[in-house]
Amino acid sequence: MDGGCKRRVCSWWKTSSSSTRLLCFLLPLMVVFGVVGLMGSQSSSYNHPWVRSSLFPVYSNHGAGSVKQSTPPPGDGGVAFEFWRTVAGGGDKEKALSADYNLNRSAAPPLAVVATRMPHVEEVVESSIISKNRSYGIPSSNETLILSSNPRIERKFSSLETLEARLQRSRASIREANNGNGTYDTDYIPNGPIYWNPLAFHRSYLEMEKQFKVYVYGEGEQPIFHNGPCGSIYSMEGNFIYKMETTKFRTREPENAHVFFLPFSVASIVHFIYNKSPKDHWLPMKQTVKDYVYLVSKKYPYWNRSLGADHFMLACHDWGPELSKSVPWLFNNSIRALCNANMSEGFQPSKDVSIPEINLPGRHTNGLIGGPSPSKRPILVFFAGGLHGPIRPILLQHWENKDQDVQVHKYLPKDVSYLAMMRKSRYCICPSGYEVASPRMVEALYTGCVPVLIKDNYVPPFSDVLNWKSFSVEISVTEIPNLKQILTGISTRQYIRLQRRGVLARRHFEVNLHPKRYDVFHMTLHSIWLRRLNIRLHGIEDS
């Protein structure tokens, strides 16, 4: 039997092809190697469990090398893990700058994240907002197999990360107020139609008072820097600069600052540097601004880390927008608080701040504020001013000396008081001159006269908070011939509403020697605060 089998096998081996004989030889070897490999894989898996787990698993608590994420606070919606993954994971969500922030996102991330993991793994701390594609390797087996006796360590945050996280909490607080949850205030609670959203404004203002900090660069010498006019129509520049030097919102620690103030006065630059003789009269003035920004950007890291997005300038002179073009990042990125808030000249309402032009002849408001009740104003509408710009000639052409109810004058007689005429009038015309800014709007509010705005491409002061349509009248240039018809078409009841609302809004435009809550100084700061809320300076993301 065995001999027959051997003969048949030998006969088959001799007659079969070489490929068939090779296959019969390799097949048993493949089966043996497969069994050996399977047994080795199972043994390795049990001996080295860290191979089966990722470096940052989500809410995982098994395996010697796993990471356990702390539980998010109530109502956070899981932002705690997202915060950790973004700042420590080096993902592609990191951004150097995120503008036009949406306040309808989720709540604020926590300020501390606790992780359980192996020792000797280096803590990652963000020191720059510039996006980087980082990779994190798997720890070596020696690091992995050594277990820590105290596995809980606190994540260390930079001052910028902490600041940004607190700003995110402020955004969440404002959203909460926007949903109808108000806050009590013994001093003043914004209310009524003069505000777009009084509850959100009030909460935002309180958040500003609680944490907003401004760093004022100390470089620069007077009279161009740290100085400015406190009188005339450019009074906002000097008043803001002086008050910024001593306000509680100023910080001497730049690491704690939300924004950085460039304390130069455009009015002073024009007064001391402007020269009519050179062909390019802009060059010396623009060079002054450019040199100053260069100085602070070389001495400090803050301009370069945000490309100027958390810096701001303030100018009430008409040439403020033009001088801001001295540095492209100043024009395009920085917050510009301008009286000349003209969108046709590059003013961006989402980034820039419109501030009022206030004429203070005696450097104070004494004798400027106050006026009679609506029933004691016999004149329908009043205006007096020279032929500046394209709108005023049209106004004078149609209405100068044409109607007793429409008191439109190029020049008033010497024995007639300008403010007295405003106090006798129900409506006061506030047209643009060569530029859109005009002190007449605030003069009207001071005297209890309803402002009539005739301006193109103009953003009214603090219009992100104040609803100007509730206490003023807007008329297009083409409607100037119908001025009287439009104003007489407003009912007495509606006029009284407009006038009383203007008196309420006046507090936001008052200049005080010692700043008071909600006055023009604080409203200017609040508008800057809002713009700061609209940017995010490094990669803390909402889920």
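Do we have residue 508 as closer than 30 Å to residue 168 by Cβ, open to solvent by less than 50 Å² (accessible area, probe 1.4 Å) and at pLDDT below 95 here?
Here the answer is no, as residue 508 does not meet what is asked.
Pairs only if they're at least six apart or on different chains, beta carbon under 6 angstrom, first in the range 424-439 and of a type in the set (Asp, Glu), second modelled with pLDDT of 95 or more and open to solvent by less than 10 Å² (accessible area, probe 1.4 Å); list them, first residue then second.
Every condition considered, the pairs that remain are 435/340.
Could you please find all residues in the range 481-498 being in contact with a helix residue (DSSP H, G or I) (Cβ under 7 Å, 6 or more places away or on another chain) and surrounded by 20 or more Cβ atoms within 10 Å (Cβ to Cβ)?
The one that is in contact with a helix residue (DSSP H, G or I) (Cβ under 7 Å, 6 or more places away or on another chain) and surrounded by 20 or more Cβ atoms within 10 Å (Cβ to Cβ): 483.
Filter the range 402-423 for residues that are among the aliphatic types (A, V, I, L, M) and in contact (Cβ under 8 Å) with a residue 12 or more places away in the chain; which is surrounded by the most Cβ atoms within 10 Å (Cβ to Cβ)?
Filtering first and then ranking leaves 422.
Checking the condition surrounded by fewer than 15 Cβ atoms within 10 Å (Cβ to Cβ) and among the hydroxyl-bearing types (Ser, Thr, Tyr), which residue from 344, 354 passes?
344
Between residues in the range 234-257 that are over 18 Å from residue 318 (Cβ atoms) and residues that are β-branched (Val, Ile, Thr) and open to solvent by less than 10 Å² (accessible area, probe 1.4 Å), which pairs lie under 6 Å by C-beta distance while being six or more apart or on different chains?
Short answer, once both residue conditions are applied: 244/216; 249/214; 250/214; 250/216.
Within the range 236-281, track down each residue that is among the acidic types (Asp, Glu) and over 15 Å from residue 320 (Cα atoms).
Residues satisfying the conditions are 245, 253, 255, 280.
Inspect the range 228-246 for any residue being surrounded by fewer than 19 Cβ atoms within 10 Å (Cβ to Cβ), β-branched (Val, Ile, Thr) and in a helix (DSSP H, G or I) and give the result as yes or no.
Yes, there is a match, as at least one residue in the range 228-246 is surrounded by fewer than 19 Cβ atoms within 10 Å (Cβ to Cβ), β-branched (Val, Ile, Thr) and in a helix (DSSP H, G or I).
Mind telling me which of the residues 272, 261, 225 ends up being open to solvent by less than 10 Å² (accessible area, probe 1.4 Å) and not hydroxyl-bearing (Ser, Thr, Tyr)?
261 is the lone residue from the list that is open to solvent by less than 10 Å² (accessible area, probe 1.4 Å) and not hydroxyl-bearing (Ser, Thr, Tyr).
Would it be correct to say that residue 469 is part of a loop (DSSP other than H, G, I, E, B), of a type in the set (Lys, Arg), open to solvent by 20 Å² or more (accessible area, probe 1.4 Å) and out of contact with any Phe, Trp or Tyr (no Cβ under 6 Å at 6 or more places or on another chain)?
No, not satisfied.
Give the range 373-401 a look and list any residue that's open to solvent by 40 Å² or more (accessible area, probe 1.4 Å) and not hydrophobic (A, V, I, L, M, F, W, C), or say none.
373, 375, 376, 378, 388, 390, 393, 397, 398, 400, 401
Based on this model, can you work out whether residue 267 counts as in contact with a Ser or Thr (Cβ under 9 Å, 6 or more places away or on another chain), over 20 Å from residue 339 (Cβ atoms) and surrounded by 15 or more Cβ atoms within 10 Å (Cβ to Cβ)?
When the stated conditions are applied, residue 267 does not pass them.
Starting from residues that are of a type in the set (Ser, Thr, Tyr) and at pLDDT below 95, keep the ones in the range 275-321 and report whichever is surrounded by the fewest Cβ atoms within 10 Å (Cβ to Cβ).
277
Taking the condition assigned to a loop (DSSP other than H, G, I, E, B) and farther than 20 Å from residue 315 by Cα, does residue 452 pass?
no
The values are calculated or read from the model by the stated rules, or taken from the named source; none is laboratory data. Model, not experiment: these values are computed from the prediction. Every residue, glycine as well, gets a Cβ built from its backbone with ideal geometry; the counts of neighbours run over all protein chains shown. Side chains included, ligands, DNA and RNA excluded: accessible areas come from the protein's heavy atoms. Shrake-Rupley method; radii C 1.70, N 1.55, O 1.52, S 1.80 Å.
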